[in-house]
Amino acid sequence: MGLDPNKALETLALFVGIDVKTVVQAAIVTLNADLRFEQCERKEELFATNPANGVAYQAMHALEGQAIVRVAEALGKDAGLLPEGTDLRRKADLVCHRDAISHAYTTGDAWRKKAMQEFAESDRQWLDRKAALVWDMWRSLDEVLVERGLERREMTVGIGSQHAAILHLIMRTSVKPDVEIPTEQSMLEHLQKFRDDYIKLLENAPDGRNTEAEARSRARKEALRQRWSKSD
């Protein structure tokens, strides 16, 4: 016998809320590292490597991926936390991301489900703003709680000294040894301001899609297919 539907929803909100927060926090840190690298006009002079190559960056990326898998699993039938007949926005997208993360070497037509074939064909596992998907899912869950007369779950995405320390480590290990970088305190102040703007961005673009980049990716793949077909 399963949980009472309302109790199940409250439990779901309790569990996924932690992971939603983790996804957004990790995305804020890694995106800041990406921007500092991409917007630098003196890359060759200042950087020894792309920040994404470092262990600290990859650890945050892995943490984000693990949290996305947990969210998608919590929404699944086996978890028994989402009452039958209750649908949440972005659930299908998150399931696709879970599958892509969990089966990293499955590509293209190897996916049995058409939805996953289309997802992979557009390179959405790389191009989606995943934080937008989990954030919109969370807002959808909050709406369901309110509709059922249940208590809302306030979401506060805290950015603290540990996040600044990780960003500082990412940058320290990606620039050349003699290059000065901002202090952890200045990074913390920047991250906290960036957090507010980033959440507004997530809410303004809830589908997480980068349609222009998807179109470019499909065009590149089609060009390669045509080149290969001519060489056969």
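Computed from the coordinates by the stated procedures, all read-outs in this text should not be read as laboratory data. The shown structure was predicted, so the numbers you read here are calculated from the model rather than taken from an experiment. Counting neighbours? That spans all protein chains shown, and the Cβs are built from the backbone with ideal geometry, glycine included.
Please return the longest range in the chain lying between exposed loop sites, taking trypsin sites (Lys or Arg not before Pro), DSSP loop only, at most 11 other beta-carbon atoms within 10 Å, and leaving the sites out.
In the chain, the maximal stretch lacking such sites is 153-232.
Per Stokes-Einstein, at 10 °C and 1.306 mPa s, what whole-number D in µm² s⁻¹ belongs to the chain, with the Kirkwood radius over Cα pairs as the hydrodynamic radius? Don't skip to the answer; put the middle values down first.
Details: Rh = 19.6 Å.
Using the Kirkwood radius from Cα pairs, D works out to 81 µm²/s.
Taking a point 7 angstrom from the Cα of ALA48 along the C-beta vector, which residues in the stretch 168-212 have backbone N less than 11 Å away?
172-179
Would you list HIS190, HIS168 from fewest to most Cβ contacts within 10 Å?
HIS190, HIS168
With a cut-off of at most 13 other beta carbons within 10 Å, and DSSP calling the residue loop, which GluC sites (Glu not before Pro) in the stretch 17-91 qualify? Please list them.
For GluC sites (Glu not before Pro) across the stretch 17-91 that sit outside H, G, I, E and B with at most 13 neighbouring Cβ atoms in 10 Å, the list reads GLU41, GLU84.
Anything over 22 Å Cα to Cα? Flag those among LYS21/LYS113; LYS130/LYS193; LYS130/LYS200; LYS7/LYS77; LYS114/LYS200, in the order listed.
Exceeds cut-off: LYS21/LYS113; LYS114/LYS200.
Relative to the present Cα-Cα distance, how much length would full extension add between MET155 and ALA92 at 0.36 nm per residue of separation?
Answer, rounded to one decimal: 20.5 nm.
Based on other C-beta atoms within 10 Å, arrange GLU212, GLU143 from fewest to most. Before the final figure, lay out the partial values.
Values: GLU212 9, GLU143 13.
Fewest-to-most ranking of GLU212, GLU143: GLU212, GLU143.
What distance in nm lies between label points placed 7 Å from Cα along the C-beta direction at ALA219 and ASP196?
Computed distance between label sites ALA219 and ASP196 equals 3.9 nm.
Counting other C-beta atoms within 10 Å, which of THR106, THR22 has the fewest, and how do the rest follow?
Ranked by crowding around the Cβ, least crowded first: THR106, THR22.
Under a straight-distance cross-link criterion of Cα-Cα below 26 Å, which lysines are reachable from LYS176, leaving out those fewer than 8 residues away in the same chain?
Within reach: LYS43.
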